[in-house]
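Below is one structure, written out as structure tokens, with a few remarks after it.
The values are calculated or read from the model by the stated rules, or taken from the named source; none is laboratory data. Just so it is clear, the structure is predicted and the values come from calculations on it, not from any experiment. Counting neighbours? That spans all protein chains shown, and the Cβs are built from the backbone with ideal geometry, glycine included. Quick note on the areas: whole protein, heavy atoms, side chains included, nothing else; ligands and nucleic acids left out. Shrake-Rupley method; radii C 1.70, N 1.55, O 1.52, S 1.80 Å.
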Amino acid sequence: MQSEVVASRSAEHRDSRESKKGTPHLDAVSLAIIEQLQEDGRRPYAAIGKAVGLSEAAVRQRVQKLLDQGVMQIVAVTDPLTVGFLRQAMVGLHVEGDVEAVADALTDMAEVEYVVMTAGSFDILAEIVCEDDDHLLDVINKRIRALPGVRSTESFVYLKLKKQTYMWGTR
């Protein structure tokens, strides 16, 4: 298990973030703190302070503010395979009617880790983590396809995960 910091917005949109009403402004020091935590979410505030030129107390306050504003989260990220979830898949959904209602229903399913409404071939993409193929079949066939508005699905079963990173938002 590793600890990661997930910054909620990409660096390319930093300038537009600053101009939007109610969106936090992230200065270079806050971005540097986020980078430090993305490298190691358990890094001591004193070590971060040394790296970014602030006191431990100032770093603690900044981190708390970033958490309170929803700019980032500090979470433990597990490898699903090592904790008994042997099957992962991305499921593309074609939806009739209210796409947001289907997306909301998907977010309520414990097996669904990621939901995004898209423009393109699919209306929604959902990442699913399951114990095995039978569990995956049950989730797709009996729960996702049964949702009102779901017209069709296409599943992409993961054979091997080559890269997974949470380093966006600061570069």
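Once the Cα-Cα distance is subtracted from the 0.36 nm per residue extended length, the Asp98 to Asp132 segment shows a gain of 9.2 nm. With all protein chains kept in place, the per residue accessible area of the stretch 48-90 amounts to 60 square angstrom at a probe of 1.4 angstrom.
From most to least packed by mean Cβ count within 10 Å, the peptides 44-50, 156-162 give 44-50, 156-162.
Around the amide H of Val95, modelled in the peptide plane, lie the amide H atoms of Asp123, Arg151, all under 5 Å away and 5 or more residues distant in sequence or on another chain. Computed from the Cβ-Cβ distance with R0 of 35 Å, the FRET efficiency linking Leu159 to Ala58 stands at 0.15. Remark: the Met90-Asp108 segment gains 4.8 nm on full extension, using 0.36 nm per residue and subtracting the alpha carbon distance.
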